[in-house]
Amino acid sequence: MHVIVVGGGISGLAAAHRLLSAGVRVTLIEGSDRFGGKLHTGSVAGVGVDLGAESILARRPEATELARAVGLGDALRPPAVAGASIWTRGALRPMPQDHVMGVPSSVAALTGVLSDAGLAQIARDAELPPLEVGEDVPVGRLVAERMGREVVDRLVEPLLGGVYAGDAYQISLRSAVPKLYEAAREHDTLLAAVRAVRRQSPPRAPGEPVFTGIEGGVGTLAGAVADACRAEGAALETGVAVTNLRRTARGWAAALGDGRSLAADGVVLAVPAAGAGRLLAAEAPAAAGELAAVEYASMAIVTLAFRRADLARLPRGSGFLVPAIDGRVIKAATFTTGKWDWAAAADPGLFLLRASVGRYGDESPLGWDDADLVRAALDDLGEAAGLTGKPVDSVVTRWQQGLPQYTVGHAERVARVRGYLAGLPALRLAGASYDGVGIPACVASAQRAVAELLRALPTGPREEAGE
């Protein structure tokens, strides 16, 4: 049996890896000149760094298991420090604990982050009528109604913005914070729902990190998976696009931009929703229309290198988040040298960091040239962290339409798309556009797509271990 995987980001690579383990012949086609998608390493001042995603949620096993399967188990590294901050109300303040995506479990959880008036608003939750979330609700609207806007603007929005570069008042509770959504359907107050989620979370062992990285950068995972797929006989191609998909008597035919046509028994579409919609326009127009409606946010990452000797003081902790309400250019900063031991060891004389720019609905800074973005980032870093040195190198990486927006109704949209595709022979979707934007979620999406695809193949092998 032969399956074509369209898209060489981590979702497509994970799908190819799982298909090969089931004995399927695989061709993976990537339109850009490299594999990895949002996993991308580069160099600043001669030190290799991540220019895209830079950490993996450790509590979910899918990505770390994949890393081990392709020989990177010994390269997994926890952060050297775990103390993040939030730049709010004129100061860097320790990131609060005892919350779920910024929604607190008590008034005390946000002491110092909110004003006295904002803290007082949280207690109103217990005095309001019983909580009702219906089929879905925007995270920001629900929290503002129950606990006040200050909770949203000072903590929920920065945390959601760090994950989705999105607007808390539009992001879906059901899709973005599903455990809290389910708890909110069973409890009368939001405080009680948050406490229930926290009680259900398995306790972490001493020293167990929330996130993990990979020595040399998370972006190395993509290359390792690609190499493992080649070693198992997969055909992997970059720089050529799939321009059309059509059903055939056997399964599918994929037209390529260089004039070739590939025949396959099945297809995994691991490209962003809009690209998947274009390829499905002829065979599944209803699904294509739904996919075209998925919105995306663009962002940029400004990576900077300083000589330690030029810095009056070194920033501490792993970095900080920035509320949009304060009108800053950057939305977050990561102190790469402080966070990852391998980066610090690469050149002990340097201090590396990165700042993120761009939010859904406020992407105007992305139109600035690189020099202006660097200057704006330096201004904010100087005010927030006292960083006054001049960088010896900088790299600006732009991710146009980089993060899907899980707006209200996203889960229903994804369900409708999958329903429309159920009637097609052996075609499945995978990627960040559907069930989660993190690396483990993307790997899980690929594994789900492959498991369903193998069951749909008419006479092919069936997945065993790991299904």
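Figures for the structure shown
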| quantity | calculated |
| --- | --- |
| Spatial extent of segment 288-418: Rg and Dmax, with the Cα atoms as the point set, Å | 17.6, 57 |
| Reference-scaled alpha-carbon Rg (2.2 N^0.38 Å with N residues) for segment 203-280 | 1.58 |
| Protein accessible area in segment 30-141, 1.4 Å probe - carbon and sulfur % | 51 percent |
| Separation of the residue 244 and residue 200 label points, Cα + 7 Å toward Cβ, nm | 4.8 nm |
| Largest-first ellipsoid semi-axes for segment 343-467, taking √(5λ) over the Cα gyration tensor eigenvalues, angstrom | 43, 20, 11 |
| For peptides 385-394, 324-333, 309-318, sequence by mean Cβ density within 10 Å, most packed first | 324-333, 385-394, 309-318 |
| Rg over Rh, two decimals, segment 372-435 (C-alpha only, Kirkwood Rh) | 1.31 |
| Accessible carbon and sulfur surface of segment 198-265 relative to its total accessible area, %, 1.4 Å | 49 percent |
| Paired Rg and Dmax values of segment 234-356, which use every Cα atom, in angstrom | 23.0, 70 |
| Solvent-accessible area per residue, Å², over segment 25-152 with all protein chains present [probe radius 1.4 Å] | 44 Å² |
| Prolate/oblate/rounded call for segment 51-123, Cα gyration tensor, a/c under 1.5 rounded | prolate |
| Segment 300-352: Rg to Rh, with Rh as the Kirkwood radius over Cα pairs | 1.01 |
| Cα-based convex hull, segment 25-160, per residue volume (Å³, whole number) | 211 Å³ |
| Degrees separating the helix 220-231 axis from the principal Cα axis of the chain, which is the longest one | 10 degrees |
| Rounded tilt (10° steps) of 439-456 against the dominant C-alpha axis of the chain | 20 degrees |
| Gain upon complete extension [residue 422, residue 253; 0.36 nm per residue less C-alpha separation] | 59.0 nm |
| Rel. contact order, % - alpha carbon contacts under 8 angstrom, at least six apart, the chain | 24 percent |
| Listed residue pairs exceeding 24 Å between alpha carbons, taken from 331/390; 38/179; 339/390; 179/339 | 38/179; 179/339 |
| Mean Cα-pair separation over length for segment 173-330, i.e. relative contact order, pairs under 8 Å, 6 or more apart, % | 8 percent |
| Mean Cα-pair separation over length for segment 354-438, i.e. relative contact order, pairs under 8 Å, 6 or more apart, % | 19 percent |
| Antiparallel %, DSSP beta bridges [both residues in the chain], to 5 | 70 percent |
| nm² value of the averaged projected area, convex hull over the Cα atoms of segment 169-238 | 9.3 nm² |
| Kirkwood hydrodynamic radius of the chain, from inverse mean 1/r over distinct Cα pairs, in Å | 23.3 Å |
| Estimated 222 nm signal from helices in the chain, with DSSP H stretches of n ≥ 4 weighted -39500 (n - 2.57), rounded to 500 | -9000 deg cm²/dmol |
| Solution diffusion estimate, µm²/s, Stokes-Einstein, segment 313-386, Kirkwood Rh from C-alpha pairs, 20 °C, viscosity 1.002 mPa s | 162 µm²/s |
| Cα gyration tensor of segment 169-327 - equivalent ellipsoid semi-axes, whole Å, descending | 39, 28, 19 |
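The values are calculated or read from the model by the stated rules, or taken from the named source; none is laboratory data. In this text, all values refer to a predicted model and were calculated from it rather than measured experimentally. Note that each Cβ is placed from the backbone with ideal geometry, even for glycine, and that neighbours are counted across all protein chains shown. Calculation scope for accessible area: heavy atoms of the full protein, side chains included, ligands and nucleic acids excluded. Shrake-Rupley method; radii C 1.70, N 1.55, O 1.52, S 1.80 Å.
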